[in-house]
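For reference, the structure discussed in these notes is given below.
The values are calculated or read from the model by the stated rules, or taken from the named source; none is laboratory data. None of these values were measured; they are calculated from a predicted model. Note: ideal-geometry Cβ built from the backbone for every residue, glycine included; neighbour counts use all protein chains shown.
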């Protein structure tokens, strides 16, 4: 059987490829694929404890059986719009919205689309590119992600937050590609009848997005660049074996 293998973030730099096709015997497991690439690219081995595996846009354990045509992705820890969306999920039943874009994000415009007559507040959290990391001047950022899985995870997080907080609607939009200093990289917008649930839901939304959605950030400095270290949500790590 033949599968498609995708590499992201620092893993892609080590492997030197964005994707690969791999022929496997029947009955092969997901974990054996990563072991194969460790043998091929030994520098991947130190990254194994923090790498999460995905199968067909879902988190999966190393013991998961593979089938012909599967898409496997190796995911390093995640780094913790008004334009054209590359991927989007618009829930017509709830009005919630989740998307990825390579254009500037306008959180206020998103909020206007979410607001209903019964809403008395909206909160728009925006993550913005800053000009330094621990005093080291930053020139710009680059974001990439596993796009079909990322927008699916945002929608899942949003649905859970909407069910757990007294809010009206929620939207999450993440920007990809080159981000200049001062530009918005991610927006979480929440509308609600009252302000406290809106604030609480927006905070929960960005916190969960940073730990669960497969998005990676590379930071560029005058003297080099680096993939920003992050960490997976504990539930993802526990589900990995």
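Say whether the condition of being part of a helix (DSSP H, G or I) and more than 15 Å from residue 55 (Cβ to Cβ) is met by at least one residue in region 19-34. Looking through region 19-34, none of the residues is part of a helix (DSSP H, G or I) and more than 15 Å from residue 55 (Cβ to Cβ). For the subset of region 185-201 comprising residues that are more than 7 Å from residue 123 (Cα to Cα) and under 17 Å from the mean Cα position of the chain (by Cα), which member is surrounded by the most Cβ atoms within 10 Å (Cβ to Cβ)? Among those that are more than 7 Å from residue 123 (Cα to Cα) and under 17 Å from the mean Cα position of the chain (by Cα), it is 188. Report whether or not residue 46 is outside the structural domain of residue 153 (by TED's automatic domain parsing), over 21 Å from the mean Cα position of the chain (by Cα) and modelled with pLDDT under 90. Judged against the criteria, residue 46 is a match. For region 85-98, check the following and say yes or no: at least one residue is out of contact with any strand residue (DSSP E or B) (no Cβ under 6 Å at 6 or more places or on another chain) and not in a loop (DSSP other than H, G, I, E, B). No.
Looking for whichever is surrounded by fewer than 21 Cβ atoms within 10 Å (Cβ to Cβ) and part of a loop (DSSP other than H, G, I, E, B) here; the options are 142, 119. Which one fits?
Values: 142 fails: part of a loop (DSSP other than H, G, I, E, B).
On inspection, the qualifying residue turns out to be 119.
The set of residues from region 174-184 being surrounded by fewer than 19 Cβ atoms within 10 Å (Cβ to Cβ) and under 16 Å from residue 89 (Cα atoms) is empty.
Exactly one residue out of 171, 163, 159, 150 is part of a helix (DSSP H, G or I), modelled with pLDDT of 95 or more and buried (at least 21 other Cβ atoms within 10 Å of the Cβ): that is 150. For the criterion of being within 20 Å of the chain's Cα centre (by Cα) and at negative phi, residue 35 fails.
The one condition from (1) surrounded by 20 or more Cβ atoms within 10 Å (Cβ to Cβ); (2) in contact with a helix residue (DSSP H, G or I) (Cβ under 8 Å, 6 or more places away or on another chain); (3) closer than 25 Å to residue 229 by Cα that residue 105 does not meet is (2).
Reported count of residues in region 41-71, each being touching a helix residue (DSSP H, G or I) at 6+ places or on another chain (Cβ under 8 Å) and assigned to a helix (DSSP H, G or I), is 5.
Evaluate the following for residue 11: is it in a strand (DSSP E or B) and surrounded by 15 or more Cβ atoms within 10 Å (Cβ to Cβ)? I'd like the intermediate steps shown before the answer.
Working: in a strand (DSSP E or B): no; surrounded by 15 or more Cβ atoms within 10 Å (Cβ to Cβ): yes.
So residue 11 fails the test.
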